[in-house]
Amino acid sequence: MEDMRSYLGYAVRRLDNKINSSFLKELGEDDITPSRYTALVIIANNPGVRQVDIARVLEVARPAALKVVNHLAERGLIEVHALPHDKRAGALALTESGKERFARYEQAVRRHEQRVFEPLNEEERAQLTQLLNRVIDHA
């Protein structure tokens, strides 16, 4: 097993598993997954965003994005408003309850990230984020 530690992909996958596990410990009780939280962040920061935009950012097919949107709507976190120029598309926004819960989720995610990346100082965290984004943008 020690040989595997020299593979970057293996290390990234193990870290991803640990990040997901920690995230779910923090927010799993509310049935918020990383994808659902990402969608909430997008909607909170871009009221009126469409489902197709959620699919693009999450890098998933439209039906998968629809499942995420429907899940959030069923839980009263977001609402969908019809667009006058396109009856098939809807503009997404947080509900009042969604805004309150999203604020709590943000705090929980900050705790989760602090816990996971506790061995790194702020400069190292910024550097790791920058390096990972460079690889992601190139892939």
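The values are calculated or read from the model by the stated rules, or taken from the named source; none is laboratory data. The shown structure was predicted, so the numbers you read here are calculated from the model rather than taken from an experiment. Every residue, glycine among them, receives a Cβ derived from its backbone with ideal geometry; neighbour counts consider all protein chains shown. Protein only, heavy atoms only, side chains kept; ligands, DNA and RNA dropped before computing areas. Shrake-Rupley method; radii C 1.70, N 1.55, O 1.52, S 1.80 Å.
Data for the structure
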item	result
Value of relative contact order over the chain, rounded to a whole percent, pairs C-alpha under 8 Å and six or more apart	22
Gyration tensor verdict on the stretch 74-139 (Cα atoms; rounded if a/c is under 1.5, prolate if a/b is larger than b/c, oblate otherwise)	oblate
Label-point separation, LYS18 to GLU123 (7 Å along Cα→Cβ), nm	2.2
Rounded to 10°, Cα long-axis angle of helix 122-138 versus longest principal axis of the chain	70
Gaussian network model of the chain, Cα within-10 Å springs - most flexible of ALA39, ALA55, ALA93	ALA55
Karplus-derived 3J(HN,Hα), 6.51/-1.76/1.60, for each residue of the stretch 54-65, Hz, glycine and proline x	4, 4, 5, 5, 6, 6, 10, 5, 4, x, 5, 5
Efficiency of FRET between ASN133 and ASN46 - r from beta-carbon atoms, R0 25 angstrom, step 0.05	0.80
Residue among LEU132, GLN107, LEU83 farthest towards the positive dipole end of the stretch 72-139, charges placed on Cβ	LEU83
Accessible area per residue, Å², the chain with all protein chains present, probe 1.4 Å	71
CD proxy at 222 nm, helix term only [per DSSP H run n ≥ 4: -39500 (n - 2.57); per residue of the chain; nearest 500]	-21500 deg cm²/dmol
Cα centroid separation, the stretch 2-60 to the stretch 109-133 (Å)	15
